[in-house]
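Below is one structure, written out as structure tokens; comments come after it.
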Amino acid sequence: MLAFEVYEKLADRLGENNVGLVTGEHSINPDAPVLACTIECAPDAGDLIVVDECHWAMDDDRGKNWTNVLQGHEYPEFILLGPVECAPHIWFLMADAETIEQYEHQRIVPVVVERNAKGKVRKYTTNNVPKRSAVVAFSKKAVVALADDIAGASGLKTAALYGRMPLQNRQDIVDKFTSGEIDVVVTTDVIGHGINLPIDHVLFAETQKFDGAKVRSLEKWEIAQIAGRAGRFGLSEQGHVAGLSTKWSSINHTLISQGVGASMGTVKTELATMRCVAYPNLRQLGLIEDSDIVYLPEIMQHWKVVCSQMLRSDAELGKFVAVSSMQVPLMLVKRILDEFGAEIGLTLEQMWQVVNGPFDVDSNVISAVVPFLVSGDCSGLLELWAEVVQWSQVPSVIESQYRLLSELRAVGLMFGDGGIEGVVSVEDFNECESRLTSLYREHSDKEVFGRCVTCGAKTSAPWFDKCDDCHFSYRRYDDDFFYDGFRRYEITEEEREERNEISRNWSRARSAACRDVSPWFSVGQEVRVNYRGREYSGEVTKVNKVTVKVAFALKDGQMREENMYAVYLAKDNGMHERLAEVESVKMFENMERPESIW
């Protein structure tokens with residue numbers, strides 16, 4: 001989206017014939033003298049290259065693209081933009097430049113944290129979200145559910161914005177928000193990747209995200225990147241950052257304050273201690289013959305080992321550079337070799353392009369593109385194209401079709417002139433994208449997350465498809481066996497239902513007891529928590545009906561926020577006598593517990 005924004009601005013200044021756009025999904029006038037590109041599509045050589053968002057060189061997944069451009073592309077002049085904290089790392093990569101000049105700029109429009117009477121980050125509710133706000137959550141389901149809740153509670157015009165929706169639909173939302181047709185945009189952290197909108201308020205609905213491997217708290221620099229979207233020069237007079245109160249998530253007040261400070265340049269972030277990601281090209285791997293393709297996984301692993309040893313032996317190098325995990329390319333290489341065997345027929349260059357392309361590890365396009373490249377067999381690609389043009393009425397299916405369309409288009413951009421010869425033309429791609437975008441816009445409002453699919457009640461979190469009552473009314477354990485050590489035990493239908501009933505009753509009793517105990521706690525209260533066998537001092541940040549959310553610092557200083565069941569938190573804080581007087585707690589303590597093996 002940032003590349004598209006740059007393309008439009010340059011085209012207005014220089015004329016459409018003089019400017020092109022090249023991304024993994026689109027290509028417009030690619031032979032133009034001036035190009036707006038995503039980083040992985042930047043030409044290898046030219047007269048001048050301007051590289052924005054340079055701190056992404058430190059991202060393990062995408063950082064290789066920035067590092068490779070800075071290290072290997074041939075330009076007489078580079079203009080590099082990024083946070084001043086990453087300057088030492090960037091200059092280390094550019095150490096062979098004849099001259100290096102550094103300019104530091106202060107943010108023109110200030111960003112401030114809104115606070116309540118207690119000095120905490122202010123929390124808005126869904127019925128008083130200000131206009132020209134961007135509400136931030138970290139999953140598609142949370143974003144769509146919040147957009148629905150805010151529209152229903154406030155009457156404002158809202159829209160959901162996230163990464164894998166059709167590009168034209170995303171651009172339509174951006175245009176309507178800019179013109180004032182949309183009051184509030186609810187978005188994932190895609191908003192933080194350099195997109196400029198007239199945003200007065202950034203409201204965090206949560207400060208944790210799933211990063212592909214685990215749920216973790218955001219880093220200060222990530223908060224700064226998102227918070228900095230408020231108050232863009234020329235679009236807004238001042239940026240405000242606050243929270244949004246939801247029943248399913250909470251925010252880390254300290255983290256938000258530090259992130260806003262980082263966006264103003266007054267707080268240091270983790271970027272100063274992170275490292276640029278090194279990633280090889282084929283020449284660096286030392287591969288010469290196409291027949292070496294069967295050894296590619298071992299050679300990639302060997303490169304990682306050798307580079308890691310080099311970094312350990314050179315203190316300065318190790319301070320600024322880290323070796324990429326190469327996780328996705330390695331998995332793709334192994335998948336292709338397992339699927340097609342040693343006599344695969346691909347050239348090394350073709351293999352390297354495919355495994356470093358914009359494909360998921362489980363992408364169906366991988367299985368179809370290999371025969372196409374080797375022998376011209378396009379039957380697999382035709383089958384996938386037939387899936388794309390089966391016009392669905394379900395938004396989630398349309399999204400999957402659009403993802404498939406994007407991967408097929410990527411094949412055309414990587415191995416052709418935008419189309420796939422003999423399969424799909426550029427015009428076919430464009431017509432299909434337009435049709436999918438129209439279908440998505442027509443039907444996306446009908447898909448509402450955060451509602452129970454059984455009874456229609458609100459769920460405890462947008463990503464749950466059932467409310468608690470309906471969830472516990474269903475049998476939870478469906479396996480016909482279990483393992484105790486290495487021994488396998490068969491389970492009868494009667495035994496399974498008996499165990500399920502024990503589990504349901506115990507969970508309901510625990511919830512009832514916690515509902516009676518949770519009012520004992522209040523936001524801001526200092527408490528002790530037992531977390532993974534250790535005791536910590538913390539502060540209550542949110543009180544739910546059943547759980548109490550507590551923020552505390554681990555031994556290494558890292559902040560954590562965890563939901564604690566109220567009964568257990570009361571025990572951690574010496575409230576045993578008080579607990580003994582509560583009938584629901586007594587009942588819970590006397591309930592038969594479900595066996596851990598279940």
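So, VAL546, is that one surrounded by 18 or more Cβ atoms within 10 Å (Cβ to Cβ) and touching a Gly at 6+ places or on another chain (Cβ under 6 Å) or not? It is false that VAL546 is surrounded by 18 or more Cβ atoms within 10 Å (Cβ to Cβ) and touching a Gly at 6+ places or on another chain (Cβ under 6 Å). Among the residues of the stretch 415-424, those identified as surrounded by fewer than 23 Cβ atoms within 10 Å (Cβ to Cβ) and out of contact with any Gly (no Cβ under 6 Å at 6 or more places or on another chain) are PHE415, GLY416, ASP417, GLU421, GLY422, VAL423.
Listed here are the residues, each with its yes/no results for (1) of a type in the set (Val, Ile, Thr); (2) touching a residue at least 40 places away in the same chain (Cβ under 8 Å).
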| position | (1), (2) |
| --- | --- |
| ILE182 | yes, no |
| LEU197 | no, yes |
| PHE210 | no, yes |
| ALA213 | no, no |
| GLN225 | no, no |
| GLY228 | no, yes |
| GLY239 | no, yes |
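Examine the stretch 16-35 for a residue that is under 29 Å from GLN284 (Cα atoms) and of a type in the set (A, V, I, L, M), and state whether such a residue exists. Yes; the residues of the stretch 16-35 include at least one that is under 29 Å from GLN284 (Cα atoms) and of a type in the set (A, V, I, L, M).
Within the stretch 534-559, residues that are touching a residue at least 40 places away in the same chain (Cβ under 8 Å) reach partners that are open to solvent by less than 70 Å² (accessible area, probe 1.4 Å) and assigned to a loop (DSSP other than H, G, I, E, B) with beta carbons closer than 8 Å, at six or more positions or on different chains, in the pairs THR541/SER250; THR541/ILE251; THR541/ASN252; LYS542/SER250; LYS549/SER250; ALA551/ASN252; MET559/ASN252.
Every condition in (1) farther than 30 Å from ARG451 by Cβ; (2) surrounded by 19 or more Cβ atoms within 10 Å (Cβ to Cβ) is met by SER249 except one, and the failing one is (1). A Cβ distance below 7 Å, combined with a sequence gap of six or more or placement on separate chains, defines the contacts here; from the stretch 300-320, residues that are farther than 18 Å from ASN281 by Cβ reach residues that are loosely packed, with under 11 Cβ neighbours inside 10 Å in the pairs GLY318/ARG312. Give the residue that is nearest to the chain's Cα centre (by Cα), with candidates limited to residues of the stretch 381-406 that are closer than 24 Å to LEU330 by Cβ and open to solvent by 20 Å² or more (accessible area, probe 1.4 Å). So the residue we want is ARG403. If you filter the stretch 529-558 down to residues that are of a type in the set (Lys, Arg) and in contact with a strand residue (DSSP E or B) (Cβ under 6 Å, 6 or more places away or on another chain), you find that the one that is farthest from LYS120 (Cα to Cα) is LYS549. It is to be established whether one or more residues within the stretch 37-56 are among the β-branched types (Val, Ile, Thr), outside any helix (DSSP H, G or I), open to solvent by less than 30 Å² (accessible area, probe 1.4 Å) and in contact (Cβ under 8 Å) with a residue 40 or more places away in the chain. No: the stretch 37-56 contains no residue that is among the β-branched types (Val, Ile, Thr), outside any helix (DSSP H, G or I), open to solvent by less than 30 Å² (accessible area, probe 1.4 Å) and in contact (Cβ under 8 Å) with a residue 40 or more places away in the chain.
Looking only at residues in the stretch 70-122 that are under 31 Å from the mean Cα position of the chain (by Cα) and polar (S, T, N, Q), which one is surrounded by the fewest Cβ atoms within 10 Å (Cβ to Cβ)? Once the filter is applied, the top-ranked residue is GLN106.
Selection of the stretch 11-29 for residues being open to solvent by 20 Å² or more (accessible area, probe 1.4 Å), in contact (Cβ under 8 Å) with a residue 12 or more places away in the chain and either among the charged types (D, E, K, R) or in contact with a Leu (Cβ under 9 Å, 6 or more places away or on another chain) (or both) yields GLU16, ASN18, VAL22, THR23, GLY24, GLU25, HIS26, SER27, ILE28, ASN29.
The values are calculated or read from the model by the stated rules, or taken from the named source; none is laboratory data. Bear in mind the structure is a predicted one, so any value in this text is a computation, not a measurement. Glycine also receives a Cβ, built like all others from the backbone with ideal geometry; neighbour counts cover every protein chain displayed. In case anyone asks, the SASA skips ligands and DNA or RNA and just uses the protein heavy atoms, side chains included. Shrake-Rupley method; radii C 1.70, N 1.55, O 1.52, S 1.80 Å.
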